[in-house]
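Undergrad: Okay, handing you the structure first.
The values are calculated or read from the model by the stated rules, or taken from the named source; none is laboratory data. Please read all numbers here as calculations on a predicted model, not as lab measurements. With ideal geometry, Cβ positions are generated from the backbone for all residues, glycine too; neighbour counts draw on all protein chains shown. Each accessible area value is taken on the protein alone, full model and side chains, heavy atoms only, with ligands, DNA and RNA left out. Shrake-Rupley method; radii C 1.70, N 1.55, O 1.52, S 1.80 Å.
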Amino acid sequence: MEAAAEPGHLAGIRHIILVLSGKGGVGKSTISTELALALRHAGKKVGILDVDLCGPSIPRMFRAQGRAVHQCDSGWVPVFVDQEQSISLMSVGFLLEKPDEAVVWRGPKKNALIKQFVSDVAWGQLDYLVVDTPPGTSDEHMATVEALRPYSPLGALVVTTPQAVSVGDVRRELTFCRKTGLRVIGVVENMSGFVCPHCAECTSVFSRGGGEELARHAGVPFLGERIGAAPSSLYSGWSDLRLPTVPEGEKNGSSWLLSSSSSSSRTGSVPLDPQLTRSLEEGQDFIQEFPKSPAFPALFSIAQKILNETPAQLS
């Protein structure tokens, strides 16, 4: 019989989501960041736990490099992104003396820090904790899953890119989820084509459809479907969404938000987008700044499906 979780710093967190992939460079930190921002715009309080100890990207993506982690009576205080404290962060990147310092640790030391992150960070009350993980199925993943298991994580988002070399590695990540009893919320296909900003034609730079095929064979949800016929339905549940004001003369409502996406794009298949890349490099809020981007509907759809997983428990 599985032991019940002792009351601790995760007791105030409603839902825990792991972002996984067997392949490096597929955009796990990008998906983690944009998911957190989208959930924040839906009125939720979100934390991001960055357990990629050798390649922490989260501080840079939120423009929080150089911020310090402080101690309080109850443990470590996470770094808050905004004055409202709607997004909080914890990463080994905040603990390094120099930003280019390498973390050259063996497995036991990595595992100990991950367990300390889980037990000692004073997150407070959160609707969601998003856990950004390194690639693979190594010690860090086992330590993370075991440390979080008593708190019954909602499940995992598994990120891939369309090409076969990535899909093959991500298939092993799905096997890891099955062996550890971690439920797969769905597969996200990142870098799924490039939408021309001039003609809106989508070019499949890295092949196409690999994530959808992977999900079908594994029997897990693919967070994507065709949009275009009735795009407004995508945002029907976002009554409290704090979106930018629609510019005068533009289309109204969600049809304006989707006006730059092609009718053949799949929500959950996130296209290559220079605006998304730039916003991550500069620590901008992509969801707020670029609602007409081709990547916007895909990222919002992923967040909507996360919300749909837990409709009765949201604040």
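Undergrad: Taking G211 as the residue in question, decide whether it is outside any loop (DSSP other than H, G, I, E, B) and either buried (at least 23 other Cβ atoms within 10 Å of the Cβ) or of a type in the set (A, V, I, L, M) (or both).
TA: Taking the combined requirement at face value, the residue satisfies it.
Matching residues to (1) surrounded by fewer than 22 Cβ atoms within 10 Å (Cβ to Cβ); (2) in contact with a strand residue (DSSP E or B) (Cβ under 7 Å, 6 or more places away or on another chain):
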position	(1), (2)
G22	no, no
G25	yes, no
K28	no, yes
A36	no, yes
R40	no, yes
G47	no, yes
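Undergrad: Does S204 fit the bill of being open to solvent by 20 Å² or more (accessible area, probe 1.4 Å) and of a type in the set (S, T, Y)?
TA: Answer is yes for this residue.
Undergrad: Which numbered condition trips up K179, out of (1) open to solvent by 70 Å² or more (accessible area, probe 1.4 Å); (2) under 18 Å from the mean Cα position of the chain (by Cα); (3) of a type in the set (D, E, K, R)?
TA: Status for K179: all satisfied but (2).
Undergrad: Only residues that are more than 19 Å from L182 (Cα to Cα) and assigned to a loop (DSSP other than H, G, I, E, B): list them for region 13-51, please.
TA: G24, G25, V26, G27, A42, G43, K44, K45
Undergrad: I want to confirm something. Restricting to region 260-304 and keeping residues that are among the basic types (K, R) and within 23 Å of F62 (Cβ to Cβ), which single residue is modelled with the highest pLDDT?
TA: By that ranking, first place goes to R278.
Undergrad: Quick one: in region 122-139, which of the residues that are open to solvent by less than 20 Å² (accessible area, probe 1.4 Å) and of a type in the set (D, E) is farthest from A38 (Cα to Cα)?
TA: Among those that are open to solvent by less than 20 Å² (accessible area, probe 1.4 Å) and of a type in the set (D, E), it is D132.
Undergrad: Name every residue in region 284-298 that is under 15 Å from the mean Cα position of the chain (by Cα) and open to solvent by 20 Å² or more (accessible area, probe 1.4 Å), in order of residue number.
TA: Scanning region 284-298 gives a single hit, D285.
Undergrad: Looking only at region 154-168, decide whether some residue is closer than 28 Å to G8 by Cβ, open to solvent by 10 Å² or more (accessible area, probe 1.4 Å) and assigned to a helix (DSSP H, G or I).
TA: no
Undergrad: Can I ask one more? Just to be sure before I move on: is I185 within 17 Å of the chain's Cα centre (by Cα) and either touching a residue at least 12 places away in the same chain (Cβ under 8 Å) or within 19 Å of I31 (Cα to Cα) (or both) in the structure I sent?
TA: Against the criterion (within 17 Å of the chain's Cα centre (by Cα) and either touching a residue at least 12 places away in the same chain (Cβ under 8 Å) or within 19 Å of I31 (Cα to Cα) (or both)), I185 qualifies.
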